[in-house]
Amino acid sequence: MLYVKVLSLGDHAVNQPLLLDTGSSGITIDCKSVLPDDICSDTGIKITKDQKIDGITISTQKVIMTYATYDDYGNIAYARVTFGSPGSPVSTDTSIPFLIRYKVVRRSTGEIVGGPLWPKGIFGISPVGGGGPGGMIKSPLSVVSVGPGLDRGYYLSPIGVKWKVCTNEAANCPQVEALHIGVPKDVKRDFRVQRWKEASSRYNFPTLDSCISWGSEPICRPTLYDTGNSTIMAVTGASKPRTSLNTGTKVLVKTEGQEDWNFTTTYNPEVESVPGLDHNIIGIRYFEKNSLLLDFETREIGLRLGH
């Protein structure tokens, strides 16, 4: 998966990698990554009134942020956010709202989940929607200044195909220069861009109309290109079982106005048929060799295959 390091919140050094998510809007971060352990618990953040600590305003307002099959429970907080690499950090122009979470719950069972392999938070960069009251928790990239001649937005260049077993706790994961903030006109010309769509007003992400097929009838739905998902998910009937393709299966993704993307599955699960899903999801495999662009100002989305 792909992570962005949050260097600081307000005046408080954090140095915490968060899962980069093109399919959600806004930041959530684990309580113990920000606040003293003794005020963090599964039942809540132990404060009785709004507090300001090292440039972070922590409110008593509790919020639930929803992600696929999990819910993040936490308190709304406010701070200026600095993120990226220490050599070239980026900061939001102002203090922004985000969620300090105290637990993550599997929605179907109520089970509290977590541990070393779970991300310590979400760095949601979608320009659509937001979390919390009135959708107030939004993409931090919407309040980052870009240079002259650039549109506000981002593009992701390929992350590469060489994967290794690593953890953020061990600090042994390789770094890639994949997230580029601001959209230059010359780079945008390399992408096939079009106005983005939205699968539903319930969702905080832009989509393209894409069809996924593997020697059968194409499955055509609004489609999210999602760095926060480890698999590719295609819609199937609500009464059908969840299944995944065998390795060595040839898959085709067709999108109107875009180049066809062909690939062969190399692991399992990589492409899944998911009952009850109302949109397709193209997960992290796409980003190994291909690029995604979002222009916040023109509300355009673009794909670039092969580089």
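The values are calculated or read from the model by the stated rules, or taken from the named source; none is laboratory data. Bear in mind that the values here come from a model prediction, so they are computed numbers and not experimental data. Don't worry about glycine lacking a Cβ; one is built from the backbone with ideal geometry, like all the others, and counts go over all protein chains shown.
Quick notes on this one:
- Picking from residues in segment 179-198 that are assigned to a loop (DSSP other than H, G, I, E, B) and modelled with pLDDT of 95 or more, the one that is farthest from LEU208 (Cα to Cα) is PRO184.
- Residue in segment 234-246 that is assigned to a loop (DSSP other than H, G, I, E, B), of a type in the set (A, V, I, L, M, F, W, C) and either modelled with pLDDT under 95 or touching a Lys or Arg at 6+ places or on another chain (Cβ under 6 Å) (or both) present: yes
- Tally of residues being among the basic types (Lys, Arg) and in contact with a Cys (Cβ under 9 Å, 6 or more places away or on another chain) across segment 66-102: 1
- Within segment 192-246, tally of residues that are in contact (Cβ under 8 Å) with a residue 24 or more places away in the chain, among the charged types (D, E, K, R) and under 25 Å from LEU156 (Cβ atoms): 7
- Checking each residue in segment 209-230 for being crowded, with 23+ Cβ neighbours inside 10 Å and not small (Gly, Ala, Ser) picks out ILE212, THR223, LEU224, TYR225, ASP226, THR227.
- Among residues of segment 139-196, those that are aromatic (Phe, Trp, Tyr), more than 30 Å from PRO97 (Cα to Cα) and touching a Gly at 6+ places or on another chain (Cβ under 9 Å), counted: 1
- Spans of strands (runs of 3 or more DSSP E) in segment 30-140 with at least 2 residues surrounded by 15 or more Cβ atoms within 10 Å (Cβ to Cβ) and touching a residue at least 24 places away in the same chain (Cβ under 8 Å): 56-67, 70-79, 81-85, 88-91, 96-106, 121-125
- Identity of the residue in segment 145-188, crowded, with 18+ Cβ neighbours inside 10 Å and of a type in the set (Lys, Arg), that ends up nearest to SER291 (Cα to Cα): LYS188
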